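Undergrad: Here it is, the structure, as structure tokens.
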Amino acid sequence: MRAAVVREFGGPEVLRIVDVPMPAPGPGEVLVKVAGASVNFADVMVREGLNVQYGATAAREQFGLGADVAGTVAALGEGVTRFATGDPVVGTQERLDRPLGPQAEYVVLEDWELAPAPAGADLVQLATVGLNATTADQALDALAPASGQWLLVSGAAGGVGLFAVELARLRGLRVIAQAGPADEKLLLDAGTEHFVSRDDDLVPAVRRLVPGGVDGAIDAANLAAGTADAVRHGGAFVSLLNSAPQARRQVRMTNLAWHTDGERLAKLAAYAGAGLISLRVAKTCPLAHIAEAHKSLAAGGIRGRIVLVP
């Protein structure tokens, strides 16, 4: 089968499509025939060697690529009872040490990394839900807001940001979204109560809308204190990019590291199947065009995910 791998670190030119033997699932594992695998910044970190540089994984000869996947069960390892051959599934791979990942024709995942896909779901579209929606939902858990409270989301039109807005509304929160001027309609349609353009000074704009500050904030734009200062005394702040500022005014600061959660993923996939959260595919690319996908990601301005299709 064909798979995307990294054997040396660098720019998009180091990405390789290689022919490898078909993997076989071991005990507790599932072989998935890939329908789609989205491209995320996590893949850039693998390609550039940042995970090795920061000590998140040891150096090795080959790294697989991809975190998100949707497809169908092709084979089951010993002891797997949650799935049957032919089942549509969605999954996220968090481990960084695997030599093969979801950006391939087939991938082996542990059964806890997978969740059932909704009946009739478009699996290519569903390949965009895993990492980003999981991150947004876990960020909301970290804030622990009460229904009716105010939430600020910076970078709200991005992959995680829009899920954060939609999931916050499902929790009964009142949302202020910050993004580029062209994204205002998108975010208002998603349930945002107030929109602040990134061309405006965020903190005073938010504090005019909510005197005293919002109850919580999710910083998906890496603004750090530029978002945190809009939070009220005793509120909560979550950074998605490990840039939470030093705690002040008894604001609870969290640097979020997402983690695979099959039960949560099943809930989020069901939300997607019911149309409660948006699945945005910016474009699809054949697996062989992975370098072009990375170049598009680096260029920025993408609304939605690029999905590789074997």
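Undergrad: What relative contact order, as a whole-number percentage, does the range 1-84 give when Cα pairs under 8 Å and 6 or more residues apart are counted? Intermediate results must be reported in sequence, preceding the final value.
TA: Working: 139 pairs, mean separation 33.5, N = 84.
40 percent.
Undergrad: While we're here: Report the percentage of all Cα-Cα pairs in the range 117-249 whose separation exceeds 28 Å, rounded to a whole percent. Each step should come with its number before you reach the end.
TA: Values: 1054 of 8778 pairs.
Tail fraction, whole percent: 12.
Undergrad: If you average the sequence gap of Cα pairs under 8 Å that are 6 or more apart and divide by the length of the range 76-204, what percent do you get for the contact order? Before the final figure, lay out each step's value.
TA: Working: 160 pairs, mean separation 21.4, N = 129.
It rounds to 17 percent for the range 76-204.
Undergrad: Nearest 5 percent is fine: what portion of the DSSP beta bridges confined to the chain is antiparallel? Present the calculation step by step, with values, prior to reporting the outcome.
TA: Values: 30 of 57 bridges.
If I count the DSSP bridges inside the chain, around 55 percent turn out antiparallel.
Undergrad: Evaluate Rg over Rh across the chain, taking Cα atoms for both radii and Kirkwood's formula for Rh.
TA: On the way: Rg = 19.6 Å, Rh = 19.9 Å.
Value, to two decimals: 0.98.
Undergrad: Same structure, new question: Given charges of +1 on the Cβ of Lys and Arg and -1 on the Cβ of Asp and Glu, with all other atoms neutral, how large is the dipole of the chain about its Cα centre, in debye to the nearest 20?
TA: The calculated dipole for the chain is roughly 620 debye.
Undergrad: Output ³J(HN,Hα) for the range 211-222: one whole-Hz value per residue in order, computed from phi by the Karplus curve 6.51 cos²θ - 1.76 cosθ + 1.60 with θ = phi - 60°, and x for Gly and Pro.
TA: Once rounded to whole Hz, the list reads x, x, x, 6, 6, x, 9, 10, 9, 9, 10, 6.
Undergrad: In vacuo Debye scattering of the range 208-310, one point per C-alpha: log10 I(q)/I(0) at q = 0.10, 0.20 Å⁻¹?
TA: -0.46, -1.07
Undergrad: Can you list residues from other chains, or at least 5 along the same chain, whose modelled amide H is less than 5 Å from the amide H of Gly158?
TA: Here the answer is none, since no amide H 5 or more places off falls under 5 Å of that of Gly158.
Undergrad: Distance from a point 7 Å along Cα→Cβ of Ala182 to each backbone N in the range 142-160: keep the residues under 14 Å and list them by number.
TA: 157-158
Undergrad: Further question on the same structure: Obtain the nm distance between the two label points defined at Arg60 and Val14 by a simple spin-label model: each point lies 7 Å from its Cα along the Cα-to-C-beta direction.
TA: Each label point is offset 7 Å from its Cα along the Cβ direction, giving 1.6 nm.
Undergrad: Among Ile306, Gly120, Gly234, which residue has its Cα positioned farthest towards the positive end of the charge dipole of the chain, with +1 placed on the Cβ of Lys and Arg, -1 on the Cβ of Asp and Glu, and the dipole taken about the Cα centre?
TA: Gly234
Undergrad: Of all GluC sites (Glu not before Pro) in the range 1-42, which ones are in loop regions per DSSP and have a Cβ with at most 13 other Cβ atoms within 10 Å?
TA: Working: sites: Glu8, Glu13, Glu29; in loops: Glu8.
In loop regions of the range 1-42 (DSSP not H, G, I, E or B), the sparsely surrounded GluC sites (Glu not before Pro) are Glu8.
Undergrad: Apply the Karplus parameterisation 6.51 cos²θ - 1.76 cosθ + 1.60, with θ equal to phi minus 60°, to every residue of the range 27-40 and state each ³J(HN,Hα) to the nearest whole Hz, in sequence, with x for glycine and proline.
TA: Listing the rounded values in order: x, x, 10, 10, 8, 10, 7, 6, 9, x, 9, 7, 9, 10 Hz.
Undergrad: Moving on to the next point. Which ³J(HN,Hα) values, rounded to whole Hz and listed in residue order, are derived for the range 105-115 from phi using the Karplus coefficients 6.51, -1.76 and 1.60 in 6.51 cos²θ - 1.76 cosθ + 1.60 with θ = phi - 60°, glycine and proline given as x?
TA: 6, 9, 9, 9, 10, 6, 4, 6, 8, 10, 9
Undergrad: At q = 0.17 Å⁻¹, what is the log10 ratio I(q)/I(0) for the range 1-40, with the Debye formula run over Cα points and no solvent?
TA: Normalising to I(0) and taking log10 leaves -0.64.
Undergrad: Right, another one. To make sure I understand the rule: partners must be aspartates and glutamates, Cα under 13 Å from the Cα of Lys185, and not fewer than 8 residues away in the same chain. Which ones qualify?
TA: Glu193
Undergrad: Any chance you could check the Cα centroid distance between the range 29-75 and the range 259-299 for me, in angstrom?
TA: The distance from the Cα centre of the range 29-75 to that of the range 259-299 comes to 14 Å.
Every number here is computed from the coordinates shown, using simple stated rules; none is lab data. These figures come from a predicted structure and were not determined experimentally. Cβ sites come from the backbone with ideal geometry, for glycine too, and all protein chains shown count toward neighbours.
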